[in-house]
Amino acid sequence: MSTGLLIGEDEAVSLWTYKSFNIYPQPVNKAWGVMNGKGNLVGGILFQNFNGVALELSCYTQEHTITLGICRAIAHVAISDFKVGRLTVVTSRRNKRLIRACLKLGFKIEGVMRCFYGHIDNKKNTGVRLVAFRDALSKVAYRTTSGQKNGTK
């Protein structure tokens, strides 16, 4: 089944995400919902803390639903709507799948953040900070197929 995005419902998506994933509410610049093939909301993509150059991305999903197409859409919006110089993702050190995916997309590990998810200093509470700069995001956003680079076959 295919995955889709719910765009234009920032407040509803952010509130659903905070409630569903038990997250402390924070202001968002933009929020997208991730829909499964049945049309159910199964995740939230939150664009937060934009300062004119840097943007933070938070992704929360109940299923493995972040596709390459969604990654391209995120990169495109970061570049075209926000005109970012850098996009940052922080995830749990245990989330090896997301870390590998980000690295494949051109993100670099910038460091670890101890006690990011809790008060006790352990692996469970350690966050990994990944960053992608504008050039890497452009490669993701504007590549039309895996065989095409810069508009050539």
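Values for this structure:
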quantity: Failed condition for Y18, given (1) closer than 21 Å to R143 by Cβ; (2) modelled with pLDDT of 90 or more; (3) part of a helix (DSSP H, G or I); calculated: (1)
quantity: The range 115-142 residues that are at positive phi and surrounded by fewer than 17 Cβ atoms within 10 Å (Cβ to Cβ), paired with ones that are assigned to a loop (DSSP other than H, G, I, E, B) and not hydroxyl-bearing (S, T, Y) (beta carbon under 6 Å, 6 or more apart); calculated: C115/D121
quantity: Whichever residue in the range 98-153 is more than 20 Å from the chain's Cα centre (by Cα) and assigned to a strand (DSSP E or B) and, among such residues, is modelled with the lowest pLDDT; calculated: T152
quantity: Scope the range 21-32; condition modelled with pLDDT under 95 and among the hydrophobic types (A, V, I, L, M, F, W, C); matching residues; calculated: F21, I23
quantity: Per-region count, the range 8-46, residues closer than 21 Å to T67 by Cβ and either in contact (Cβ under 8 Å) with a residue 40 or more places away in the chain or under 13 Å from the mean Cα position of the chain (by Cα) (or both); calculated: 11
quantity: Hits in the range 28-62 (condition: closer than 17 Å to S92 by Cβ and not in a strand (DSSP E or B)); calculated: Q62
quantity: Pairs, first basic (K, R) in the range 61-73, second surrounded by 14 or more Cβ atoms within 10 Å (Cβ to Cβ), C-beta under 9 Å, six or more apart; calculated: R72/V140; R72/A141; R72/Y142; R72/R143
quantity: Among (1) under 27 Å from K123 (Cβ atoms); (2) of a type in the set (S, T, N, Q); (3) touching a strand residue (DSSP E or B) at 6+ places or on another chain (Cβ under 8 Å) - the single one N36 does not satisfy; calculated: (1)
quantity: Subset tally (residues that are farther than 14 Å from I74 by Cβ and surrounded by 17 or more Cβ atoms within 10 Å (Cβ to Cβ)) for the range 29-48; calculated: 4
quantity: Residues of the range 65-92 satisfying the condition of being within 12 Å of the chain's Cα centre (by Cα) and among the charged types (D, E, K, R); calculated: R72
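The rows are residues; the columns are (1) more than 20 Å from A132 (Cα to Cα); (2) surrounded by 14 or more Cβ atoms within 10 Å (Cβ to Cβ).
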{"site": "V13", "(1), (2)": "yes, yes"}
{"site": "N22", "(1), (2)": "yes, no"}
{"site": "L57", "(1), (2)": "no, yes"}
{"site": "I74", "(1), (2)": "no, yes"}
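The values are calculated or read from the model by the stated rules, or taken from the named source; none is laboratory data. The structure displayed is predicted, hence computed values, not measured ones. Counting neighbours? That spans all protein chains shown, and the Cβs are built from the backbone with ideal geometry, glycine included.
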